[in-house]
Amino acid sequence: MGPNLSPFAVLAGSTVTCTGPGTITGDVGLSPGTSITGFPPCLATGTLHAADATALAAQGDLTTAFTTLGPTLPCTQDLTGTNLGGLTLTPGVYCFSTSAQLTGVLTLNSLGNPNAVWVFRTGSTLTTASGSSVVFIGGNACGAQWRIGSSATLGTTTNFSGNILAQDSITLNTGATLTGRALARTGAVTLDGNNITNSSVCAAAPAPPPFPGPVPTLPEIGAWALLVVLLGSGAYLLSRRTSMGANR
C-alpha cells in the first residue's frame, strides 16, 4: 500500500456509516463523498478525513494498488466456483471470474516466509457466511490482498483478515471483525458493531512498493516441470549426436 493509504483502516468513496458500538484502529476517510456518520457510537483511534486532501491522496494510492492487482498480474490458480472454506492455500494469485464465497475456515500457509503474499481477485463479489474465518500458518494479515470487482459482504461474526480493495462497496454485518483494511473506491463502507484493526505489523513496515509485498513466484511444480523439459531436451540432443557419430 502506498504511504498515503497506510494510516487508513477504513476508506470509502460515497459514505461511511457505523451503527452500534465498534472500534476502528486507524484513520477513517472518505472521498469524494462527505458523509461520515455514527462516530460515536463507533470509535476511531485515528483521524476522520471527510473529503479532505488526505483522503483524496489515499484514494489515489488505492487506485494504484487496485490497478496493480488487476488482470495483468497472472493467476496462479483459477478457483471459479470453488468455496474457499476448508482450503489451505500457499502464497500466490487466486482468481475468480465472477464471485467468491467463504463458508467456514480458510487457512493461508506462508511456507515459512514472513513476507508471504496472497492475492484474491474476483470478477464481482466476495461474500462470507456467518462465523467464517481466515487463519494463518506463519505470515500475517498484511500479506492477504482481496481485490473485489464489485462489492464485499462479511457475514455476522466473521473473523476476516487482509486488505479488502473493492471497486464498489464493503459491508460488515453485526459482530464481524477485520484485521486489515476496508477500502472502497466508489461506494460505501457500512459497519454494524465491528472492530477493524489496521495491523500494527503493516503500519510498522517501511514504505512498500506499488505491489503490496514480493510478487508471488510460480509454484515449485512449475520450476520442476521446466527442469524436466530442459534435461529431457539435453538427453535427446546428446543421443542424436552419439547416433550420428556411430553412423559415420
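The values are calculated or read from the model by the stated rules, or taken from the named source; none is laboratory data. The structure presented is a predicted model; accordingly, all values stated were derived computationally and were not measured. Positions of Cβ are backbone-derived with ideal geometry, glycine not excepted, and every protein chain shown enters the neighbour counts. What goes into the accessible areas is simple: the full protein's heavy atoms, side chains included, and nothing from ligands, DNA or RNA. Shrake-Rupley method; radii C 1.70, N 1.55, O 1.52, S 1.80 Å.
For the range 115-126, the criterion of being under 20 Å from GLY2 (Cβ atoms) and more than 17 Å from the chain's Cα centre (by Cα) is met by no residue. Among residues of the range 82-93 that are in a loop (DSSP other than H, G, I, E, B), those with a beta-carbon under 6 Å from a residue that is open to solvent by 10 Å² or more (accessible area, probe 1.4 Å) at least six positions away or on a different chain give the pairs ASN83/GLN101; ASN83/THR103; GLY85/THR103; GLY85/GLY104; GLY86/GLY104; THR90/ASN109; THR90/LEU111; PRO91/PRO216.
So, of the residues in the range 140-160 that are of a type in the set (Gly, Ala, Ser) and buried (at least 24 other Cβ atoms within 10 Å of the Cβ), which turns out to be farthest from THR88 (Cα to Cα)? Talk me through it step by step, then tell me what you get.
Pass one, the range 140-160, residues of a type in the set (Gly, Ala, Ser): 141, 143-144, 149-152, 155.
Next, only the ones that are buried (at least 24 other Cβ atoms within 10 Å of the Cβ) stay: 143-144, 152.
On the way: GLY143: 15, ALA144: 13, ALA152: 21 Å.
Of everything passing the filter in the range 140-160, ALA152 is farthest from THR88 (Cα to Cα).
None of SER14, SER31, SER35 is farther than 21 Å from SER161 by Cα and exposed (fewer than 14 other Cβ atoms within 10 Å of the Cβ) except SER35. So is LEU11 in contact with a strand residue (DSSP E or B) (Cβ under 9 Å, 6 or more places away or on another chain) and in contact (Cβ under 8 Å) with a residue 40 or more places away in the chain or not? Judged against the criteria, LEU11 is a match.
Would you be able to say whether some residue in the range 58-73 is touching a residue at least 12 places away in the same chain (Cβ under 8 Å), in contact with a His (Cβ under 9 Å, 6 or more places away or on another chain), among the hydrophobic types (A, V, I, L, M, F, W, C) and not in a loop (DSSP other than H, G, I, E, B)? Looking through the range 58-73, at least one residue is touching a residue at least 12 places away in the same chain (Cβ under 8 Å), in contact with a His (Cβ under 9 Å, 6 or more places away or on another chain), among the hydrophobic types (A, V, I, L, M, F, W, C) and not in a loop (DSSP other than H, G, I, E, B).
Each row is one residue, and each column tells you yes or no for (1) on the phi > 0 side of the Ramachandran plot; (2) within 11 Å of the chain's Cα centre (by Cα); (3) of a type in the set (A, V, I, L, M, F, W, C).
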| site | (1), (2), (3) |
| --- | --- |
| ALA129 | no, no, yes |
| GLY143 | no, yes, no |
| GLY149 | no, no, no |
| ALA152 | no, no, yes |
| ASN194 | no, no, no |
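Considering only the range 26-35, I want to know if a residue exists there that is touching an Asp or Glu at 6+ places or on another chain (Cβ under 7 Å) and either aliphatic (A, V, I, L, M) or outside any loop (DSSP other than H, G, I, E, B) (or both). No.
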